[in-house]
Amino acid sequence: MIEYRHNFPLNPIDVARVFDSSGITRPTNDIPRIARMFIASNLVISAWANEVLVGVCRTLTDYSYCCYLSDLAVDEAFQRHGIGKELIRRVQSAVGNEVSLILLSAPGAMSYYPSVGFAKAENAFVIRRTK
């Protein structure tokens with residue numbers, strides 16, 4: 001059984017493990033940076049199996065107009081069981097229907113997001129990080 005937690009404090013080492021297992025590319029060799037990523041986020045939904053972190057959805061939102069979904073990761077052993085979809089659903093529930101959910105997809109996940117309700121946007125711009 002999967003338990004979902006809203007803004008529950010996460011150990012950055014556990015987060016790095018989930019990131020690495022999920023296939024998402026994040027700076028998991030820099031644990032202080034992972035910690036800073038989560039300290040600065042204002043909406044985090046996590047998924048737990050037997051008290052072990054197995055999924056995480058990290059967002060930045062104003063709870064009024066927009067919500068940037070920065071990270072969605074599910075441990076590979078738990079993928080294809082609806083956990084990612086449920087994490088997204090819980091974010092949507094927390095922010096409400098006046099708020100747009102926005103994300104930048106990793107190339108390998110481009111086919112996943114339309115299957116959970118996202119529409120592809122052709123009007124986005126980005127200045128890439130340098131490290």
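The values are calculated or read from the model by the stated rules, or taken from the named source; none is laboratory data. Everything numeric in this text was worked out from a predicted model, so none of it was measured. Neighbour counts run over all protein chains shown; Cβ positions are idealised from the backbone, glycine included. Just so you know, the surface numbers come from the protein's heavy atoms only, side chains and all, with ligands and any DNA or RNA stripped out. Shrake-Rupley method; radii C 1.70, N 1.55, O 1.52, S 1.80 Å.
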**Asked** Are there any pairs with C-beta distances below 6 angstrom linking a residue in segment 21-42 that is touching a residue at least 12 places away in the same chain (Cβ under 8 Å) and closer than 19 Å to G84 by Cα to a residue that is open to solvent by less than 60 Å² (accessible area, probe 1.4 Å) and assigned to a helix (DSSP H, G or I), with the two at least 6 apart or on different chains, and if so which?
**Response** R26/F19
**Asked** Restricting the search to segment 1-60, which residues are hydroxyl-bearing (S, T, Y) and either in contact with a strand residue (DSSP E or B) (Cβ under 7 Å, 6 or more places away or on another chain) or in a loop (DSSP other than H, G, I, E, B) (or both)?
**Response** Y4, S22, T25, T28, S41, S46, T59
**Request:** Among the residues of segment 86-95, write down those that are of a type outside the set (D, E) and either open to solvent by 30 Å² or more (accessible area, probe 1.4 Å) or in contact with a helix residue (DSSP H, G or I) (Cβ under 7 Å, 6 or more places away or on another chain) (or both).
**Result:** R89, R90, Q92, S93, A94
**Asked** Quick check: anything in segment 100-117 exposed (fewer than 13 other Cβ atoms within 10 Å of the Cβ) and modelled with pLDDT of 95 or more?
**Response** no
**Message:** Here's a check for you: in segment 27-85, which residue that is acidic (D, E) and over 15 Å from the mean Cα position of the chain (by Cα) is surrounded by the most Cβ atoms within 10 Å (Cβ to Cβ)?
**Reply:** D30
**Which numbered condition C66 fails, given (1) more than 25 Å from I127 (Cβ to Cβ); (2) out of contact with any helix residue (DSSP H, G or I) (no Cβ under 6 Å at 6 or more places or on another chain)** = (1)
**Request:** Using the structure shown, decide if S111 is in contact (Cβ under 8 Å) with a residue 24 or more places away in the chain, farther than 23 Å from V15 by Cα and of a type in the set (S, T, N, Q).
**Result:** no
